[in-house]
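Take a look at the structure set out below.
FYI, it's all coordinate maths here, none of it is from the lab. Values in this document were obtained by computation on a predicted structure and should not be read as measured data. Counting neighbours? That spans all protein chains shown, and the Cβs are built from the backbone with ideal geometry, glycine included.
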Amino acid sequence: MTTTLATYRTPRLGPLGTAAATVIVAAVVLAAIGPALTSADPNASDFAHAYGAPEPGHALGYDGQGRDLLARLLTGARTSLLGPLWVVALSMAVGTVVAIAAAWLGGWLDSVVSAVLEVMFAFPGVLLAMLVAAVFGPGLTSAVLALAVAYVPYIARLVRSAALAERRKPYVQALEVQGAGAVAICVRHLVPNLMPLITAQATLFFGYAMVDLAIVSFFGLGVQPPDADWGVMVASGQSGVLQGYPAESLLAGGSIVLLVVAFNVLGERLSDGRRAPRPGWFPRRGGVS
Amino acid sequence: MTGVLDLNGLTVRLPGPDRPVLDDVSLSIAEGEALGLVGESGSGKSMTVRAIVRLLPAGAQVEGVVRVGGVEVGSLRGAALRELRAVVPVVFQDPRAHINPVRTIGDFLTEGLRTHRRLSRRSAEDRAVRLLDEVGVADGQRRLRQYPHELSGGLLQRVMIAAALLAEPRLLLADEPTTALDVTTQAEVMAAVDELRRERGLAMLFITHDLELAAAVCDRTAVMYAGRVMEVRASASLHEHPLHPYTAALAAARPSLERRADRLATIPGRPLSAFEAPDGCAFADRCAHIRERCREERPALRPLGDGQVACVRAEGLQVVFRD
Amino acid sequence: MTEAILQVEGLRKTFGESVAVADVSFSLRPGGALAVVGESGSGKTTVARMIVGLERPTSGRITACGHDRSELPRSARERRRRGGEVQIVFQDPYSSLDPRQSPAAAIDEVLRLHTPLDQAKRRRRVAELAELVGLDERQLAALPARLSGGQRQRVAIARALAAEPRILILDESVAPLDVSIQAQVLNVLADVRERTGIAYLFISHDLAVVRQVADDVVVMRHGSIVERGPAAQVLDEPRHPYTRLLRASVPGPGWRPARRTISKETR
Amino acid sequence: MAAYLARRAIMLAATLVVSSFVVFAGLSVAPGNPLATLAGGRSLPPDSVRVLVERYHLDEPFLVQYAMWLGNAVRGDLGVSIVLRQDVSDLIASRAGTTIALVLYAALIVLVAGVAFGLLAALRPGIVDSLVVISTAVVVAIPPFVAAIVLIGVFAVGLRWLPALGNGSGLWDGIRHLTLPAFALAASATASVARVTRTSVREQLDREHVQTAISRGIPYAAVVRRHALRNSAVPISTLAGMTVASMIALAAVVERAFGLNGLGAYLVSAVLSKDFAVVQGISLVLVASFVLVNTLVDVGAAALDPRIKLGRRS
């Protein structure tokens, strides 16, 4: 006999949520097959075409160095999506495990974890990324690791309090009284019941990570030119904006905004109202108490 | 004759299910009278209170007539509605949720007086302290400066009652005011309510799930099931000799403090909400005395003995329940 | 006198400065039904939680089925053994069940933990337990969200019984139920006791319900026992003033409760 | 309240010490030796090496180095920039003004516009509410650097209303030069504050105690003011205060985009030019201000909410 999972609170996305999910899926598909859609080389520059208008074979025109914008946008989608994926995967994994261990075991472990998280809140993700870039050198890996570390306390605190609340519920206590093992209770009951919360946070945090990574790349401390990345493109397109050629910055910036809106909307649909505060914004406390 | 409160054919529909949550409720309360309104979850007893002071959820549709002191409530708007609400206070079940947690007890008690009577803070507070004393809260001056989280549930409910009485009402609506309290605290709070009510000749609509409590503090008791009134009679006779099979079953299902029953008489199934109720008699599916016609026609609330009952077999069953 | 199946001696629990339970002793005979009566803050729930090992006693001894359980269990094996001795049904039917698990799966999980039965035998046992507490096939397969409060409490009882405990603690388990449902569950409890010979420790504030269920009663106030004895005697001729106050606070026709002014109490 | 303040002060001090340690420890975890890190890979004349060793006590054990460094930092000595050969403290002091002005300007926009739009949406269900909800959903997702690009494109390049780059000179010109950066910094935060204000006020309006007030015949405007607004003041002011704190770090983004001579932009260029003493100094200042503002906001919230004073805190 197995637990019936299928009918349990299947999240109802509604039209907005469905639209958001569609945008995300479309972006992932484009990033995956993107380079096959255009024959242009994203790094081949041809100064004769600098800021060139769209033409057949180059649907979005050229950037300031005469590189094909469509090719760069599609290649950039890869780093712009993979970076946040790593940040979210790492911070969720570490944050969730630490939080559940602290909540379940309590005692000194919980006190130590709480104290460490309290200090970690002092470092906004972007600032930590700059510090890490100064110490280990710039690059996407440094940025991803720094942001993952900076996000951990936000995830961990929310999951810890949710796990504590869940642990106090009679159904978990009944299992304890039955003599079921802690690991079994956590794996079979606690984690599955926290999953909707964790999924919603992961979705929201994907959007936050996307913005923060783009900021680091915008500084020139994340993805290194000439590799394409949306944050890098916004930065390199800035001189174009001043000369009246905003295409590069706007396309890259617009892509970021579109996806972040999609992740926010989807995350809000998936969440039941509980959400961790935006990292680097609201330490200690949630937005709404 | 016009009572303090008259409900006539009150029917409330909420957005969503097609069937009403309150179905043709008619009740009246005379000057100085206490009417108990008893029912299980989903019976519509709280909705009745909300309908009287027009605190229904958005989109609710109301039919029938509600009169308070002869004034029809349904047509009131704006200031007139606020005037009505000011003199028909409601005591809610959970005082901790129903009193603003970031304002002081003093703010809560005097808000009504200062708004409607335009009293100064000073004189409003004087009155509040006097009333706190009357409901059994000494040291009122200090209480006025305290916040709700500093008071126990029992104290907070006394504060709520004092606030209600400060409006010098003629009708008090009490929605399970003691359900969240311990039994000894319930006894003290009810004693205070009972005494003050009698002193002032105040009428009361008292909502509870506890038939015994209603019998103890109310002159008459109405029993509701699935949004309908099943029986309304003088409390003592309703309690001793129920006429409606539901009332009888409800009384029998409750264990007695006096003796241990070999087996409790149960009602099969679970209490229904009005929107789940079958055609005909709402209680038909759970009734031990059902006849074919119970499913076909809906029994009207009709006079019988010293009250009213909504059961086609009431006369015949009278003898059964007496044994 | 038969040997007590549950014995509590000098039980005490403090949370920081405050004393939740101070020196509580009682015993429960096999197949008996002992009620612990008290209001909020009396410490009755803390006693129950210490017996099942959800709180650790500050001092005192708890013995169930001949085994000491004053300390928290050390091994998984001991935890399981204790689970087979004492079980508990909590007050809140809404969070008593894992929202993702059907009653059948919940009961089956306990059977797997406590018995060597194979799948077919477990299925039969689940059906037996469901029959005992009055749950039908459809309810067994439904998710908790589709069950009423009374049905959920039946599931919680069946799940507790699946471990075949000798003692069942009922911590205000019928308090939140509607009167008509409460009567059904009380009858189920009577049936279960008659058919299995299980002993009940019945935690409640409701004297009428206690009268219906319990053979013996202890009355608790502020962490201590103020009166004890056979249910009929304690309820009909209460000796301690507090028991008398409790008795007098139960409403009924012609009831005239006493008034009291609150002055010193701060909370 | 005194116990609460004491506890917060201890927490603040502990956090500051530990975070300063993290900032300093970067020096020793960096690949290569600390001297090379400080030099940023440059080859230095022996004189300079000697100055660095002396200044950072590099011949002492690590913890002593940290203690010396922290002691100096507390006294306002944050070391020397290897690139500009100037005291880091002086460099920070000369740039802090821009950042402070920028953050305050943006904070003003966030508080006024954010709370106003949020209240508008909360109290005017229907078309106004929908408009605010939809537009804030989009604006909240606009990162400051994208907002900067758009504002430059529209108001500086397109309409030529305001300057795109630089600090400007004099008060009026300074404000003109800070306007676009402040709006770019405030955009997302404003939308966020508006959304929280809206949900918070709505949530309060649905509370039972508001029902009580309505049931007592209190005029709706008074119910909104005395109960819904008063009760949402705590979450709203907490959020708004912390949003302002967040802008301390995010100011770097718009400073960079608008070529402003602020702390954040300087931090970025110090990282790029491997000027480690400057990175440490600015990081320390930014982290300290971030933590300090957040603590002040927490204490402020405690003062507004009578329930927090008794020490109940999650």
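In this label model, residue C:244 and residue C:137 are separated by 5.9 nm, measuring between points 7 Å along each Cα→Cβ vector.
If we count trypsin sites (Lys or Arg not before Pro) as exposed when they sit in a DSSP loop and have at most 13 other beta carbons within 10 Å, what is the longest stretch of chain B that avoids them all?
Within chain B, the longest run free of exposed trypsin sites (Lys or Arg not before Pro) spans B:119-258.
Computed over chain B, the per-residue total of -39500 (n - 2.57) for DSSP H runs of n ≥ 4 gives a 222 nm mean residue ellipticity of -10500 deg cm²/dmol, rounded to 500. Using a cutoff of 8 angstrom between alpha carbon atoms and counting only pairs six or more residues apart, the relative contact order for the stretch C:82-161 works out to 48 percent. Starting from the Cα of residue D:116, step 7 Å toward the Cβ, then list every residue of the stretch D:149-190 with an amide N under 14 Å from that point. Counting only backbone N, you get D:190.
For the stretch C:7-66, GluC sites (Glu not before Pro) meeting the loop criterion (DSSP other than H, G, I, E, B) and having at most 14 other Cβ atoms within 10 Å: C:17. Note on chain B: GNM, Cα springs under 10 Å; of B:289, B:98, B:241, the largest mean-square fluctuation is that of B:289.
For residue A:78, the shell of other residues with beta-carbons less than 12 Å away shows a net charge of -1, using +1 for Lys and Arg and -1 for Asp and Glu. Using R0 = 25 Å, the C-beta based FRET efficiency linking residue A:195 and residue C:94 works out to 0.80.
The count of lysine pairs in the protein assembly as shown whose Cα atoms are under 24 Å apart, excluding pairs fewer than 8 places apart on the same chain, comes to 4. Distance between the pseudo-spin-label points of residue B:30 and residue B:81 (7 Å out from Cα toward the beta carbon): 3.3 nm.
Counting partner chain Cβ atoms within 10 Å of every residue's Cβ in C:208-214, what's the average?
Taking the mean over all residues of the peptide, I get 5.
Under the criterion of Cα pairs below 8 Å and six or more residues apart, the relative contact order for chain D equals 26 percent. Would you look at the GNM of chain B, springs on alpha carbons closer than 10 Å, and say which of B:176, B:40, B:72 moves the most? Top of the fluctuation ranking is B:72. I'd like the distance between the alpha-carbon centres of the stretch D:1-66 and the stretch C:103-123, rounded to an integer number of Å. Measuring centre to centre over Cα atoms gives 60 Å. Amide H contacts of residue C:20 (H built 1.01 Å from N, in plane; Pro and chain starts excluded): C:13, C:14, C:15 sit under 5 Å, all sequence-distant by 5 or more or on other chains.
Inter-chain Cβ neighbour count for B:185-192, averaged per residue, equals 6 (cutoff 10 Å, partner chain atoms only).
With helices as the sole contributors, chain A gives -22500 deg cm²/dmol at 222 nm; each DSSP H run of n ≥ 4 counts as -39500 (n - 2.57), and the sum is divided by every residue. Applying 0.36 nm per residue to the separation of residue D:33 and residue D:100 and subtracting their alpha-carbon distance, the gain on full extension is 20.6 nm. A DSSP coil position with no more than 14 other Cβ atoms inside 10 Å describes the following GluC sites (Glu not before Pro) in the stretch B:265-323: B:297. So how tilted is helix D:46-56 from the main axis of chain D? Cα-based, degrees 0 to 90, rounded to 10. The angle comes out at about 40 degrees. A crude spin-label estimate for the pair residue C:7 and residue B:240, with each label 7 Å from Cα along the Cβ direction, gives 5.2 nm.
Computed from Cα positions, the angle between helix A:125-136 and the longest principal axis of chain A comes to roughly 70 degrees. For chain C, the mean residue ellipticity at 222 nm estimated from helices alone is -11500 deg cm²/dmol, where every DSSP H run of n ≥ 4 contributes -39500 (n - 2.57) and the total is divided by all residues, rounded to the nearest 500. For chain B, the antiparallel share of DSSP beta bridges with both residues in that region comes to about 60%.
Can you pull the mean other chain C-beta count within 10 Å for peptide A:32-41? That works out to 0 on average.
Our estimate of slack between residue D:50 and residue D:137, defined as 0.36 nm per intervening residue step minus the Cα-Cα distance, is 25.7 nm. Can you tell which of C:116, C:204, C:235 lies farthest toward the positive end of the dipole of the stretch C:6-248, using +1 and -1 charges on the Cβ of basic and acidic side chains (Lys, Arg; Asp, Glu)? Positive-end residue among those listed: C:116.
Per residue, the convex hull spanned by the Cα atoms of chain A amounts to 157 cubic angstrom. Averaging the sequence gap over all C-alpha pairs within less than 8 Å and six or more residues apart, then dividing by the number of residues, gives the stretch B:90-168 a relative contact order of 45 percent.
With springs connecting C-alpha atoms under 10 Å apart, model chain B as a Gaussian network and identify which of B:230, B:190, B:160 has the largest mean-square fluctuation. Comparing B:230, B:190, B:160 in the GNM, the peak value goes to B:190.
If R₀ is 41 angstrom, what is the calculated FRET efficiency for the pair residue D:220 and residue D:159, using the beta carbon separation as r and rounding to 0.05?
E between residue D:220 and residue D:159, to the nearest 0.05, is 0.45.
Close amide H pairs (under 5 Å, H built 1.01 Å from N) link residue B:172 with B:203, B:204, B:205, residues at least 5 positions away or on another chain. Here is the P(r) of the protein assembly as shown: all C-alpha pair distances, binned every 10 Å from 0, give 2, 8, 14, 18, 18, 15, 11, 8, 4, 1, 0, 0 in whole percents.
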